[in-house]
Amino acid sequence: MTDASEWQGRVGASWAAEWRRTDRSFAPLTERLLTPALVDAETAVLTDIRTMPWYVTALLVSLPLHFGDYGGMPMKIIWALLDVATIVMLGSGLYLWLARRKTSVETRIAAIEGRDGSAAAAASPRAAE
């Protein structure tokens, strides 16, 4: 970007055109970045340009990732399909878990013991006493 001393006195349409021309180097990455400028209200002279702190720059660069604006419509469709797949997986897992809970505890214990209890009694340490 251009140094602040080169911007002195270029306020108005020519300043905006110059800024648009010089800011295209990293347009996809920097289109959301801000550069605060201090303009004297009486003389319309640009008095200072500051850079944003690193953490504000990091937040502004991460906005497209958060909102999904970085890949256009194909990327949004891919994310929508992945979201639907996640919802289906969650729903089927919840369905299986609820179906499993409907069987009684006694039925599950009987299935583990082999229906007659002899397998569990033989394996139990208390059976030897």
- Are there chymotrypsin sites (Phe, Trp or Tyr not before Pro) in segment 61-95 that DSSP marks as loop and that have at most 14 other Cβ atoms within 10 Å, and which are they? 70
- Measuring from a point 7 Å past the Cα of residue 112 along Cα-to-C-beta, which residues in segment 70-95 have an amide N at less than 12 Å? none
- Query: What spacing in nm lies between the two simple spin-label points modelled at residue 84 and residue 96, each 7 Å away from Cα in the Cβ direction?
  - Reply: 2.2
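None of the figures in this text is laboratory data; all of them are computed from the coordinates on show. If you're wondering where the values come from, they're calculated on a predicted model, not measured in any experiment. Because the Cβ atoms are built from the backbone with ideal geometry, glycine has one as well, and the counts that use them run over all protein chains shown.
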